[in-house]
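Accompanying notes for the structure given below.
The numbers here are math on the coordinates, done by the rules we state, and not lab data. In this text the structure is predicted, and so the values were computed from the model without any measurement. FYI the Cβ positions are ideal-geometry reconstructions off the backbone, even for glycines, and counts take in every protein chain you see.
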Amino acid sequence: MIKLALSDLMHKETLSLLSSSALIGIAGAFIVTTLSLFLFQEVGVSALFVGIFFAVRAIAEICADLIIGYLSENRYQRQHIAILCTLLSGGGAVLLMLVRDYYLLMLGSVVLFGLGGAIFPQLFALTRDVADSKGINVNVFNALIRAMTSISWVIGPPVAFLLIDITSFAFLYGIAAFCYFSAVFILLAGRFNLHQGHNKKTSFQWQSLNFRTYRILVFVLLLLTVVMIYQINIALYISQELQLATSVIGWVVGIGSALEIPFMLLFGFLANHLSKQGLLLFAALNAGGFFILLSLSQSVTALILIQIPNAIWVSIVLSLPIVMLQDELQQFHGMASSLFSSAFKFGTFFGGAVGGLLLSYLGFQQTFLLCSLLAILAGCAIIYHPRKDSSHAV
C-alpha cells in the first residue's frame, strides 16, 4: 500500500478515474467561473438575484451530497451513482445552453446541478475503493486525482472566457455538456469490478462519527471559509487598495493555482511518512502566516512570493482531510467523501456570504487578519481532543 508504479495507472479503473476527473473538472470550471457573468449579461438579473441563485444552488448541493452519500452506502453501486450524477450535470449544462428564464434556470440548477454536484465525493469514494482494491497508495493516488482537477481549473477559466469572447455562452456550455457526456462514457468503460463494500449489511449510522471526525470537518469548514473570503477579496485588494494593474490579479491567482499542483503531489507522498494530523496543523500555520503576510504585502513581488505558503496550505486542505475521513469511516467511503464535500461547500457558502460584509465593516487588512485567526483556530481544532477521545495515530 506504499507504492504507486506507472503500471498502477494503466488499470482501466485508474485511467477511467483520471480521465473523467479531468473532463468533469474542465466542465465545472467552464460553468462555475462564468455563471455569474452569464446571469448578469444573458439573463439580465441584478447582483442580488445572482447571489440568491448561487445560495440556493449551494444549499441544494450540500443536501444532495449527504443524501447521495448515504444512498451510496446502502447497496447502491457507487459507479452507477457517479454516472447518474455526471449525466445530470451534463443536462444542467444543456439547460444553460438553451434556457434564458431566471426561474426555470434556478429550478433546473437545483435539480440537475444540485444532484449532479455530488459527482466529486462519489469520484473520491471510487478513488479510495480502487486504491484499496488494487493495492495502490491512497494518499498519492488521491493527490493525483486532485491534481488533475486542479489542472482543469488552471486551464478552464482562461479558455472559458476566450470562448465567450470569440463565440457565445451557448457554445461554451455546449462544450461543457460534451465534456460531461464524454466523462459518462469513460466511467462506463472503467467497469469498476471492485467486489467490496456493496454487499455488506452494515448501514451508515450518524453514531459512526467520532470526535476526531468532527474535528476534521471543523478544520475543513474554517479553512474553506477563509479560502472563499480570499478569493472574493483578492481582486479588489489588488486593484482598489493597492492600485495595481488588473493583469496582476491574473498573475497572482494563476501562479497560486499552478503551485498547488506540485505541492499536492508532494504532500501526497509525504503523508506516507509523516503524521497526517501534523500536516494539517502545518497547513493551518501556513494559512495563518499567509494572511498576515498578505495584509502587509504592497508590491507585485511580495504578492507573488507569498503564493508559496498559500499554495502549501491549500494543497494540503484539498487532499489530505478526505483521506483521513475515509480512514475514520473505513466501511463508508462514500459517506466520508460526502461529508468532506458538504463541509467544503458549506465553508465556501459561508465565506461567500460573509466575505463582502467583513470587507465593508473591517477593511482589507483587518479582514485578512481575521482570516489568520480563523486559520489558527482550525489548527487548534485538529490538535484538541478530550481525554476520553484518546488519540490514535493518523
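In this simple spin-label model, placing a label point 7 Å from the Cα along the Cα-to-Cβ direction at both Leu305 and Ala235 gives a separation of 2.8 nm. A simple charge model with +1 on the Cβ of Lys and Arg, -1 on the Cβ of Asp and Glu and nothing else charged puts the dipole of the chain at about 860 debye relative to its Cα centre. Considering only lysines 8 or more places apart in sequence, or on different chains, count the pairs in the chain whose C-alpha atoms sit under 21 Å apart. The number of close lysine pairs in the chain is 5. Using C-alpha pairs under 8 Å with a sequence gap of at least 6, the mean separation divided by the residue count of the stretch 7-190 gives a relative contact order of 44 percent.
At R0 = 22 Å, how high is the FRET efficiency between Val99 and Leu188 if r is their beta carbon distance? Nearest 0.05 is fine.
Values: r = 28 Å, r/R0 = 1.26.
The calculated FRET efficiency here is 0.20.
Please state the charge dipole magnitude for the stretch 199-353, taken about the Cα centre, from unit charges on C-beta atoms (+1 on K and R, -1 on D and E), reported in debye and rounded to the nearest 20.
Numbers: 6 positive and 4 negative charges, 101 e Å.
That gives the stretch 199-353 a dipole magnitude of about 480 debye.
Length gained on full extension, Gln330 to Asn210: 41.9 nm, using 0.36 nm per residue less the C-alpha separation. In terms of its alpha-carbon gyration tensor, the stretch 7-190 comes out prolate; a/c meets the 1.5 threshold, and the first ratio a/b outweighs b/c.
Which of rounded, prolate, oblate describes the stretch 54-110, given a ≥ b ≥ c as roots of the alpha-carbon gyration tensor eigenvalues and a/c under 1.5 marking rounded, otherwise prolate only if a/b is larger than b/c?
Working: a/c = 4.15, a/b = 1.73, b/c = 2.39.
It comes out oblate by the Cα gyration axes.
Spin-label model, Cys63 to Gln298: label points 7 Å out along the Cα-to-beta-carbon direction sit 5.0 nm apart.
If a helix is a whole DSSP H run, which ones in the chain reach 18 Å or further along their own axis (Cα) and hold a mean Kyte-Doolittle hydropathy of at least 1.6?
Numbers: long enough: 12-38 (38 Å, 1.38); 47-71 (36 Å, 1.94); 78-98 (30 Å, 1.43); 119-134 (22 Å, 0.22); 138-166 (42 Å, 1.44); 169-190 (32 Å, 2.09); 211-236 (39 Å, 1.80); 246-270 (37 Å, 1.74); 276-296 (30 Å, 1.52); 333-383 (41 Å, 1.34).
Helices meeting the criterion: 47-71, 169-190, 211-236, 246-270.
Taking amide H positions as modeled 1.01 Å from N, with prolines and chain starts lacking one, no residue 5 or more places away or on another chain lies under 5 Å from Ser168.
Going by a ≥ b ≥ c, the root eigenvalues of the Cα gyration tensor, does the stretch 206-383 fall in the rounded group (a/c under 1.5), the prolate group (a/b larger than b/c) or the oblate group? Verdict is prolate for the stretch 206-383.
With N set to the number of residues, divide the alpha-carbon radius of gyration of the chain by 2.2 N^0.38 Å and report two decimals.
On the way: Rg = 20.4 Å, N = 394, 2.2 N^0.38 = 21.3 Å.
Rg over 2.2 N^0.38 Å, computed on Cα atoms: 0.96.
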